Amino acid sequence: MTEIKLNPAIPVLRIYDEAKAKEFYVDFLGFTVDWEHRYGDDFPLYMQVSRSGVKLHLSQHYGDGTPGSHVYIRGTGIAALAKEWNEKKYRFAKPGADDPHPNITDPFGNVLRFDDEANHT
């Protein structure tokens, strides 16, 4: 019998503005742009960002994702991550310093819900 193996899901989040998306996901949250794709010069952007094993697809394509989606991200050291973000003093998101489960809303209404695995032992 063939073994079935599923890889972690990669959420697709709708974005409207490339500069705002990069400011939020790269400059503020510390994700890295892995790749970008456009079908042509004047086409919408589709890109992948990642950090510590989490991958997100960000899309300007109409019909990709729904504004206001929620993504649950579980890991370790989440309070330290919230402190890192808080120290950046980003104008549009103020996670509580040392918060073990911050919820951060991106500029397009998508919510990233972080939770520390230590809360589930």
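None of the figures in this text is laboratory data; all of them are computed from the coordinates on show. On a predicted model such as this, the values are computed, not experimentally measured, just so you know. Ideal geometry is used to build each Cβ from the backbone, glycine not excepted, and the neighbour counts take in all protein chains shown.
General observations
- The set of residues from the range 23-39 being within 11 Å of the chain's Cα centre (by Cα), at negative phi and not in a strand (DSSP E or B) comprises 24, 25, 26, 28, 29, 31.
For (1) assigned to a loop (DSSP other than H, G, I, E, B); (2) free of Cβ contacts under 8 Å to residues at least 40 places away in the same chain; (3) surrounded by 14 or more Cβ atoms within 10 Å (Cβ to Cβ), each residue gets a yes or a no:
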residue: 21; (1), (2), (3): no, no, yes
residue: 56; (1), (2), (3): no, no, yes
residue: 63; (1), (2), (3): yes, yes, no
residue: 83; (1), (2), (3): no, yes, yes
residue: 92; (1), (2), (3): yes, no, no
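- Within the set 93, 118, 82, the sole residue that is among the aliphatic types (A, V, I, L, M) and in contact with a Gly (Cβ under 7 Å, 6 or more places away or on another chain) turns out to be 82.
- Which listed residue, of 96, 77, is touching a strand residue (DSSP E or B) at 6+ places or on another chain (Cβ under 8 Å), surrounded by 12 or more Cβ atoms within 10 Å (Cβ to Cβ) and not aromatic (Phe, Trp, Tyr): 77
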